[in-house]
Ligand code: HEM
């Protein structure tokens with residue numbers, strides 16, 4: 001064990017900076033914490049070092065942030081109780097693995113002239129009609145951009161991220177960035193660019209594994 005208390009270095013990133021924020025913990029020779037705060041709009045290259053005690057720290061400065069409000073503080077979106085990442089994980093392990101987190105598929109299956117029957121192999125369709133959860137169907141269901149665009153409401157919302165089609169109807173309230181941004185940029189469209197802009201480090205397929213409907217048909 002070191003004799004010295006912990007010194008904290010926090011890099012604060014601004015909107016549009018793609019790098020994942022980091023915290024470096026290092027031993028401090030003084031009896032106070034040291035925090036490196038950068039509020040520079042340019043990519044972080046330098047900062048000023050302050051000696052502070054914990055009560056001097058602005059309470060809403062946190063690690064892992066990518067969206068910073070004017071003034072350099074993190075703008076957090078408040079999620080409803082029961083809508084944490086762990087709650088989402090439980091939901092996916094329950095309803096998700098049973099294929100119950102996907103909305104709006106019935107209307108495609110009910111219409112024999114729908115794209116779904118034109119662009120998919122018979123063996124894929126058989127599994128879908130038998131009720132196999134869509135994320136488990138092999139080869140995956142192929143979905144056209146036109147089909148995705150038909151699902152653009154809060155009650156039935158599909159989107160494309162990195163060539164895969166996801167149903168995010170049930171995810172809105174769990175999204176750490178809030179539901180509004182998803183409704184505005186992620187309803188019935190390809191949201192890959194926005195997704196990368198805000199959090200290139202997030203693994204969409206991990207978070208939305210059981211909400212995956214299939215692959216975008218090019
Ligand atoms: C639909 C797929 C998406 C998934 C699975 C997803 C997932 C996540 C996750 C896990 C976080 C927390 C990241 C972290 O704390 O490191 C997050 C935050 C966020 N997301 Fe998304 N996201 C999605 C789409 C989007 C899109 C399309 C946008 C923008 C148009 C967006 C904007 C944001 C913002 C602004 C935050 C807050 C970042 C912060 O707190 O600093 N997300 N998202």
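The values are calculated or read from the model by the stated rules, or taken from the named source; none is laboratory data. Small disclaimer: the values here were computed from a predicted structure and weren't measured. Here the Cβ is made from the backbone with ideal geometry for all residues, glycine too, and neighbour counts use every protein chain on show.
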Item to complete: Give region 96-155 a look and list any residue that's touching a residue at least 60 places away in the same chain (Cβ under 8 Å), assigned to a loop (DSSP other than H, G, I, E, B) and touching a helix residue (DSSP H, G or I) at 6+ places or on another chain (Cβ under 8 Å), or say none.
Response: 97, 99, 101, 102, 105, 133, 137, 140, 141, 144
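Please work out if residue 166 is within 10 Å of the ligand (Cβ to nearest atom) and either farther than 17 Å from residue 99 by Cα or at pLDDT below 95 (or both). Can you show your working first?
Details: within 10 Å of the ligand (Cβ to nearest atom): yes; either farther than 17 Å from residue 99 by Cα or at pLDDT below 95 (or both): no.
It is false that residue 166 is within 10 Å of the ligand (Cβ to nearest atom) and either farther than 17 Å from residue 99 by Cα or at pLDDT below 95 (or both).
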Worksheet, complete the sentence: Residue pairs within 8 Å by beta carbon, gap of at least six or interchain, first lying in region 61-89 and modelled with pLDDT of 70 or more, second part of a helix (DSSP H, G or I) and within 9 Å of the ligand (Cβ to nearest atom), listed first then second, are 79/174; 83/174; 84/174; 85/174; 87/174; 88/174; 88/207
Worksheet item: Quick one: in region 173-193, which of the residues that are part of a helix (DSSP H, G or I) and surrounded by 18 or more Cβ atoms within 10 Å (Cβ to Cβ) is nearest to the ligand (Cβ to nearest atom)?
Response: 182
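Quick check: anything in region 127-137 at pLDDT below 95 and on the phi > 0 side of the Ramachandran plot? Write out each step before concluding.
Of all residues in region 127-137, those at pLDDT below 95 come to none.
No, region 127-137 has no match at all.
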Worksheet entry | Contacts under 7 angstrom Cβ, first residue in region 192-218 being under 23 Å from residue 128 (Cβ atoms), partner assigned to a helix (DSSP H, G or I) and within 6 Å of the ligand (Cβ to nearest atom), 6 or more apart | 204/195
